[in-house]
Amino acid sequence: MKNRKRVLVLAGTAAALAATLIAAAPAPAAPAPEAAAASRVASVHGGGTVAYPYVPKEHDIRFTVDADAAPWSRPFPAPGGEQGMPVDARGKVTVYHAMPDENFTAVAEAEVDCMVTGGRTATVTAVVTSSNVDWEGKRIGISVQDGERGGPDRVGFSWGIANVDVKADGSVSEPRVGTCMAPAPFTEVTKGGFKVTPAPLAPRPKP
C-alpha cells in the first residue's frame, strides 16, 4: 500500500413578423474585447491519459477535470477572508492509475476548491473526498495546458516529482498543498484532451 500511495500518481405569421423586425433592426455593436473577456467564466473541462516515465509502460494514468470559477464563494475565518477569494471554484477532479503488475487500480475523487487561469494554462486544486489509497482529506494540485498549433495538451500534478520538503535533519516529508498550487504541466496527454477557458480575476464584491 505504501508503494501504491507513492505512485498514485463536460408558427407562421408571428414568426415571419419577428424575422422581419429582426432583419430591419440595426445590428448590435460588438462588445469591446475587455468587456467580452470580463463576461467569461473561467473553466477547465476534459480528461486524458498521460505519459509518465517513472512507472512501467503498461501502467495507465488518467485525469478528468471539470472545474468552473465561483469567485468570492468560499469565506474563510481570517481577516480579509469574509468574502472568500477571487480564485474560488467548484467542480470535480478524478485521478485513475491502473497498475497491472500489481493487479491494482488506484482511484481518487476530489472536490475543486480553487482555480486560476492564464492564457491556455490553468491550475486547479481539489480536496479528496473518496479514494482507495487513504487520500481522503488531502488537497491535490493539477495544472492543465490546452495545446496550441497542433501541440499536445499537458498536465502536471503535485506528487511524484514535486512537493518534497527535506528537513535539516535529513528527513523527508510531503507538505500540504496550498490552494491553486501545482507544478508546471510537465507531462503530455497521449489520449483525450482538455479545454481551458481563461478569464480575468473577478473584481472584489462591494460591501
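Averaged over residues, the count of other Cβ atoms within 10 Å places the peptides 167-180, 187-200 in the sequence 187-200, 167-180, highest first.
Less than 5 angstrom separates the built amide H of Asn132 from those of Val107, all sequence-distant by 5 or more or on a different chain. Taking amide H as placed 1.01 Å from N in the peptide plane, the amide H of Thr190 sits under 5 Å from that of Thr49, Val50, Ala51, each at least 5 places away or on another chain.
Here the Karplus curve 6.51 cos²θ - 1.76 cosθ + 1.60, taken at θ = phi - 60°, turns the phi angles of the stretch 124-137 into couplings of 10, 10, 8, 9, 5, 9, 8, 6, 10, 10, 6, 9, 3, x Hz, with x standing for Gly and Pro. Quote the accessible area belonging to Thr64 in square angstrom, nearest 10, computed with a 1.4 Å probe and with ligands, DNA and RNA left uncounted. Accessible surface of Thr64 is approximately 60 Å². Phi-derived couplings, Karplus 6.51 cos²θ - 1.76 cosθ + 1.60 at θ = phi - 60°, listed residue by residue for the stretch 90-106: 9, x, 9, 10, 10, 10, 10, 9, 8, 10, x, 5, 10, 6, 8, 10, 8 Hz, with x used for Gly and Pro.
The values are calculated or read from the model by the stated rules, or taken from the named source; none is laboratory data. None of the values given here were measured: they were computed from a predicted structure. In this analysis, Cβ positions are derived from the backbone assuming ideal geometry, glycine residues included, and neighbour counts consider all displayed protein chains. Accessible surface areas use protein heavy atoms only, side chains included; no ligands, DNA or RNA. Shrake-Rupley method; radii C 1.70, N 1.55, O 1.52, S 1.80 Å.
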